[in-house]
1. Just flag the chymotrypsin sites (Phe, Trp or Tyr not before Pro) in the stretch 326-389 sitting in loop per DSSP whose Cβ has no more than 16 other Cβ atoms within 10 Å.
2. Pull up all non-local amide H partners of Ile254: gap of 5 or more, or a different chain, and H-to-H distance under 5 Å with H placed in the peptide plane.
3. Using modelled amide H (1.01 Å from N, peptide plane; none on Pro or chain starts), what sits under 5 Å from the amide H of Tyr81, excluding residues fewer than 5 places away?
4. Which GluC sites (Glu not before Pro) in the stretch 238-343 pass both tests, a DSSP loop state and at most 16 other beta-carbon atoms within 10 Å?
5. For the modelled label position 7 Å from the Cα of Thr248 along Cα-to-Cβ, which residues of the stretch 143-185 have backbone nitrogen atoms closer than 19 Å?
6. Among 102-108, 154-160, 187-193, how do they line up from the highest to the lowest mean number of other beta-carbon atoms within 10 Å?
7. Under 8 Å for C-alpha pairs, at least 6 residues apart: give me the relative contact order for the stretch 316-459, rounded to a whole percent.
8. Relative to the compact-globule scaling 2.2 N^0.38 Å, provide the ratio for the alpha-carbon radius of gyration of the stretch 352-398.
Amino acid sequence: MLEGWKLAVSKLFIIPQRYILGIMGFLAVVNAYTMRVVLSVAITEMVQPMIHNQTLDTHSCIDDWDLNITSVHNMKASNLYPWTSRQQGLILSSFYWGYVITHIPGGMIAERFGGKYSLGLGMLCTALFTFITPFVIYATNGNWVWVVVVRILEGLGEGTTFPALTTLLANWVPLKERSKIGTLVYAGSQIGTVVGNSVSGALIAATNDWAIVFYFFGAIGIVWFILWTILCYPNPDAHPFISDKEKTYLAEHISNISSKEKVIPWRAILTSAPIWALVIAQIGHDWGFFTMVTDLPKYMKDVLHFNVKQNGIWSSVPYILMWIISMSSGWFCDWLIHKGHMRISFARKFFTTLASMGPAIFIMAAAYSGCDRMLAVGMFTIAMGFMGTFYCGMKVNALDLSPNYAGTIMAIVNGIGGLTGIIVPYLVGALTENHTAAEWQLVFWIAFGVFLITNSIFVLFGSGEVQKWNNNDQKEKSVEAGNAVSEEIAMKVCKTVI
């Protein structure tokens with residue numbers, strides 16, 4: 001029972017603590033993505049212009065070039081750096097070098113010690129290194145290698161974010177509220193991308209200083225960490241002023257986490273065709289997604305010649321539609337399965353196909369839109385809208401295949417998929433050294449091919465059926481009950497953006 005000051009404090013919270021955790025988790029993801037994408041916009045104003053290369057592209061939108069040059073030259077010459085396209089690609093990809101490394105360890109740490117500090121300290125690390133990025137660049141006279149080092153350190157911090165959040169949600173959220181709170185939390189990825197792109201463009205345009213965005217988002221991340229430390233805890237038992245009513249409710253509706261160590265069937269997992277089909281589908285999605293998130297602002301400057309303010313706004317628009325579609329398609333997918341209109345396997349493949357071939361087609365349409373900038377933005381927006389169906393497609397498929405080992409499978413799938421974040425930005429930089437429309441069309445043709453091949457493999461070898469090795473540990477008495485619950489989770493989780 002709560003007594004004294006703890007009882008008094010608990011009465012100050014009208015909102016239940018699990019919802020506060022959900023809101024703070026949502027803000028964590030928003031902050032994570034703003035700090036991840038801020039460089040994608042800022043770098044367009046950090047690099048010395050390469051005007052002479054524009055003559056190589058006979059299809060360049062010359063009419064708007066003067067506007068772009070004016071935008072660049074408003075920056076202080078001392079704050080512009082001669083980074084080549086390949087070096088820019090390495091800088092943009094370096095975040096994922098660190099991100100991939102801490103993904104699986106972050107999950108293990110969260111499960112062992114609780115998700116509060118593995119998430120909080122990881123976010124603080126990213127925020128601090130985001131904040132000091134301009135100081136490092138100034139101190140090294142724009143040495144791109146040091147920018148890579150800082151971005152790797154940011155990625156190391158952020159790699160713990162989603163594993164820690166998964167652990168926290170498992171400890172705090174009852175099954176019947178999992179879709180609602182989970183959707184709130186994970187929708188922060190699209191919102192963070194929108195905020196990161198649009199606010200970065202507006203701030204740089206208003207101050208003529210690219211450094212301001214690193215100070216701004218880094219400071220917000222630090223403030224979030226302080227609030228997180230005060231308000232959130234790893235589980236209801238550890239919370240000092242959760243109400244007795246809510247604590248009792250959560251104890252009744254959340255299954256206790258077993259203290260027994262499960263023997264993970266590594267051989268069965270690593271030799272499973274549906275698992276590898278899922279991995280390949282994740283690679284396809286991440287390839288297209290990282291192409292857009294990391295390099296769309298560069299395309300909008302190099303080919304469409306938007307100034308920095310326009311770039312920030314229009315490069316964020318596609319993610320607004322992606323967020324809307326991801327939310328609505330989840331409910332629609334759930335309805336189709338519940339009503340028996342689609343089997344789980346078919347639903348996963350159908351929505352994954354929409355999320356692969358839709359973007360593939362409309363990204364190519366954008367690439368061949370010529371100098372019609374609004375048409376290109378419209379095509380990119382439709383492409384990302386289709387990509388929103390990915391979440392109720394293959395993203396939740398790990399729960400279908402093995403509810404008992406979904407965490408392990410998710411770590412494998414996300415970890416391997418994250419490697420594309422290393423490959424794509426560097427490849428784009430290498431292929432677009434002259435910043436021409438033809439070079440970017442090749443980039444998008446490659447993305448088209450990756451979408452087509454990876455989706456075909458998932459359609460052929462993917463599955464929505466629970467795998468036999470899911471019940472590997474026969475000593476667990478709760479396996480049968482767990483499987484029954486897992487079916488309900490799989491039905492509801494398609495509404496959750498993971």
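1. Tyr368
2. Answer set, sorted by chain and number: none.
3. Amide H neighbours of Tyr81: Val47, Gln48.
4. Those that pass, being in a loop and sparsely packed, are Glu261.
5. Counting backbone N atoms under 19 Å from the label point, the list is 174.
6. 154-160, 187-193, 102-108
7. 33
8. Normalised by 2.2 N^0.38 Å, the Cα Rg of the stretch 352-398 equals 1.27.
Read the figures in this text as sums done on the coordinates, not as results from a lab. Quick caveat, the model's predicted, so the values are computed rather than measured. A quick note on method: Cβ atoms are made from the backbone with ideal geometry, for glycine too, and the neighbour counts reach across all protein chains shown.
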